[in-house]
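Each remark here refers to the structure printed beneath this line.
The values are calculated or read from the model by the stated rules, or taken from the named source; none is laboratory data. In this text, all values refer to a predicted model and were calculated from it rather than measured experimentally. FYI the Cβ positions are ideal-geometry reconstructions off the backbone, even for glycines, and counts take in every protein chain you see. Heavy atoms of the whole protein, side chains included, go into the accessibility calculation; ligands, DNA and RNA do not. Shrake-Rupley method; radii C 1.70, N 1.55, O 1.52, S 1.80 Å.
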Amino acid sequence: MRILVAAHNYPRFAGDPAGAYVRKLALGFARRGHQVAVVVPHAPGAAEREAEQGVAVERFRYAPERFERIGYRGDARVGRLLLAPAVLALPPYLWGFRRAIRRLAGEFRPDVAHAHWWFPAGWLASGAGVPLVVTSHGSDARLLERGGILRRVGRRVAARAARWTAASRFLARDIERQLALGEGAVAVTPMPVDLDLFAAGRATPKADPPRILFAGNLVPSKGVDVLIRAVATLRDRGIACELRILGSGPAREALQRDITALGLEGLATISPFLPQSRMPAEYGAATVTVLTSRGQAEGLGLVLVEALLAGSAVVGTPAGGIPEVVEDGVTGLLTPDGEPQALADRLARLLQDADYRNRLTEQGAARVSATYALDSAVDRFLSLFDAAVHRPSRH
């Protein structure tokens with residue numbers, strides 16, 4: 001098949017974690033002998049065109065380079081407000097994205113288009129005259145909660161798409177509910193993880209004192225403030241540990257103030273994102289990796305999958321799709337969101353009981369290895385693509 005992939009997030013440089021699973025899938029399709037073209041937004045310092053292992057990547061331009069920050073981890077936001085340059089860049093961004101998809105649809109003549117996130121890629125690709133498969137990852141499902149015009153646009157995309165998929169069962173059922181689709185209309189397609197890459201983290205010695213790790217965007221919905229308070233509680237209980245926070249985002253300054261106010265300097269640090277090639281060692285050095293997301297703001301939590309593969313125990317909240325990775329007391333521990341004392345209790349259990357911790361970690365690693373293998377993900381999508389080509393609509 002000739003497969004056109006459209007997304008607003010894709011690695012900008014070697015080791016960039018942004019949209020890494022989009023790249024993995026594209027390369028997986030190419031390795032099976034399919035022709036793959038990828039269209040994504042340009043970003044500062046990224047190549048406009050490149051080819052990697054049979055995948056042709058085009059990054060469309062839409063503004064002067066320093067303003068090309070829409071997508072890519074929300075760089076265009078300060079708190080809840082879009083930066084003025086990003087507001088001005090939004091119309092040309094959407095127009096440029098649409099034009100690039102239409103042009104490639106004409107030049108590349110794909111058999112199927114695969115849009116990651118229903119908005120903007122799914123919406124912009126839905127009128128390209130190509131059988132469309134849409135995959136939701138989480139943030140786009142949250143857009144549907146706003147109702148109004150966004151939900152109407154989402155329903156229009158659903159009507160035009162041959163297939164709609166989601167990265168977790170939680171997301172699939174949520175999208176079906178919000179778009180009034182029938183049960184089972186949205187297929188569950190877990191995103192692939194490089195099993196060998198992250199399993200190599202098991203060779204990394206554990207940090208001393210025991211390290212608690214968070215890796216992700218620093219936004220209020222991630223609940224990192226709760227994690228910081230839990231670590232302060234552990235210190236007050238005399239439990240030796242350190243906290244390493246990897247990420248960037250609008251909440252960074254507030255989190256640093258929390259660390260200072262609680263007297264955790266030297267025990268808690270915040271550092272920028274690292275290339276994906278360095279993350280296995282980070283997970284491997286951690287005794288526990290934590291994802292403390294609030295509400296339903298987490299589509300799945302691939303960080304926890306990667307951590308388990310690398311030999312780190314995991315703690316998560318019941319937010320969104322996290323329980324699909326963390327079965328409480330079997331593959332990790334769940335803790336109520338927003339409750340630092342409860343989180344401290346779970347962390348203390350894992351830090352102090354090595355046998356229990358190791359058992360949960362091994363059980364978790366075995367489960368995610370079976371679920372998130374690249375070959376399994378590629379098989380699922382190729383089957384969906386074939387169905388989309390031969391049965392263009394489910395309606």
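How much space per residue, in cubic angstrom, does the convex hull of the C-alpha atoms of the stretch 108-148 take up? Display every interim value, and only then the final one.
Working: hull volume 2.7 nm³, N = 41.
Taking the convex hull of the Cα positions in the stretch 108-148, it is 67 Å³ per residue.
Going by amide H atoms built from the backbone, whose H comes under 5 Å of the H on LEU243, apart from near neighbours?
When sequence neighbours closer than 5 places are left aside, the close amide H contacts are ILE212, ALA268, THR269.
Given the rule -39500 (n - 2.57) for each run of at least 4 DSSP H residues, summed and divided by the residues of the chain, what is its mean residue ellipticity at 222 nm, to the nearest 500 deg cm²/dmol?
Details: 13 runs with 157 residues, N = 395.
Here the helix-only value at 222 nm equals -12500 deg cm²/dmol.
May I ask you to order 371-383, 122-134, 225-237 by the average number of other C-beta atoms within 10 Å around their residues, highest value first?
Numbers: 371-383: 17.1, 122-134: 23.2, 225-237: 20.2.
Order by mean packing, descending: 122-134, 225-237, 371-383.
If you add up the charges near VAL325, with Lys and Arg at +1 and Asp and Glu at -1, over every other residue whose beta carbon is less than 12 angstrom from its beta carbon, what do you get?
With Lys, Arg at +1 and Asp, Glu at -1, the neighbours total -3.
Find how many whole Å separate the alpha carbon centroid of the stretch 261-311 from the alpha carbon centroid of the stretch 103-171.
30 Å
Grab the eigenvalues of the alpha-carbon gyration tensor for the stretch 310-395, scale each by 5, take roots, and send me the semi-axes largest first in whole angstrom. Could the numbers behind the result be given before it?
On the way: eigenvalues 257, 55, 10 Å².
Whole-Å semi-axes of the equivalent ellipsoid: 36, 17, 7.
Whole number please: convex hull volume per residue, Cα atoms of the stretch 249-364, in Å³. Spell out each step's value before the answer.
Values: hull volume 13.4 nm³, N = 116.
Looking at the stretch 249-364, the number lands at 116 Å³ per residue.
Tally up the carbon and sulfur contribution to the accessible surface of the chain as a whole percent, 1.4 Å probe, everything protein left in place. Let's see the in-between values first.
Details: 8400 of 16120 Å².
Ligands and nucleic acids excluded, carbon and sulfur give 52 percent.
Output ³J(HN,Hα) for the stretch 280-287: one whole-Hz value per residue in order, computed from phi by the Karplus curve 6.51 cos²θ - 1.76 cosθ + 1.60 with θ = phi - 60°, and x for Gly and Pro.
x, 5, 5, 5, x, 6, 7, 6
Per residue, what accessible area does the chain have, given a 1.4 Å probe and all protein chains present, in Å²? Kindly include the intermediate steps, with their values, before the conclusion.
Working: 16120 Å² over 395 residues.
Result: 41 Å² per residue.
Just to compare against my own numbers: the Cα pair-distance distribution for the stretch 155-240, 10 Å bins, whole % per bin, please.
Whole-percent P(r) values from 0 Å outward: 13, 24, 25, 22, 12, 3.
If you take every DSSP beta bridge whose two residues both sit in the stretch 12-74, what share of them, in percent to the nearest 5, is antiparallel? Write down the numbers at each step before the final one.
Values: 4 of 10 bridges.
Looking only at bridges with both residues in the stretch 12-74, the antiparallel portion is about 40 percent.
For the stretch 322-364, what is Rg from Cα atoms divided by 2.2 N^0.38 Å, rounded to two decimals? Write down the numbers at each step before the final one.
Details: Rg = 10.3 Å, N = 43, 2.2 N^0.38 = 9.2 Å.
This ratio for the stretch 322-364 stands at 1.12.
Of the beta bridges DSSP finds with both residues in the chain, what % are antiparallel, to the nearest 5? If you can, show how the numbers build up before the last one.
Numbers: 6 of 51 bridges.
In the chain, DSSP labels about 10 percent of beta bridges as antiparallel.
Add +1 for every Lys or Arg and -1 for every Asp or Glu among the other residues with Cβ under 14 Å from the Cβ of ARG367, and state the total.
On the way: positive: ARG359; negative: GLU306, GLU324, GLU327, ASP328, GLU362.
Net of charged neighbours comes to -4.
In terms of solvent-accessible area of protein heavy atoms at a 1.4 angstrom probe, what is the ranking of GLU253, GLU52, highest value first? Could the numbers behind the result be given before it?
Details: GLU253 130, GLU52 55 Å².
Descending accessible area places them as GLU253, GLU52.
Considering only the other residues whose Cβ falls under 15 Å of the Cβ of GLY54, what net charge follows from Lys and Arg at +1 and Asp and Glu at -1? If you can, show how the numbers build up before the last one.
Values: positive: ARG2, ARG23, LYS24, ARG31, ARG32, ARG49; negative: GLU50, GLU52, GLU58.
Net charge around GLY54: +3.
Roughly speaking, what is the stretch gain from SER271 to ARG294, that is 0.36 nm per residue apart minus the C-alpha to C-alpha distance, in nm to one decimal? Could the numbers behind the result be given before it?
On the way: separation 23, 0.36 × 23 = 8.28 nm, distance 2.20 nm.
Additional length available on full extension: 6.1 nm.
Peptides 309-320, 207-218, 91-102: what's the order by average Cβ count within 10 Å, highest mean first? Show your work: numbers first, answer last.
Working: 309-320: 26.2, 207-218: 20.2, 91-102: 17.9.
Highest-to-lowest ranking by the protection proxy: 309-320, 207-218, 91-102.
Using alpha carbon coordinates only, what is the Rg to Rh ratio of the stretch 134-180, with Rh defined as the Kirkwood radius? Show your work: numbers first, answer last.
On the way: Rg = 9.6 Å, Rh = 10.5 Å.
That ratio is 0.91, to two decimals.
Quick one: grab Rg to one decimal and Dmax as a whole number for the chain, Cα atoms only, in Å.
21.0, 65
Can you give the Kirkwood hydrodynamic radius for the stretch 249-297, in Å, rounded to one decimal and based on Cα pairs? Could you put the intermediate results ahead of the total?
Working: mean 1/r = 0.0764 Å⁻¹.
Averaging 1/r across every pair of different Cα atoms and inverting gives 13.1 Å.
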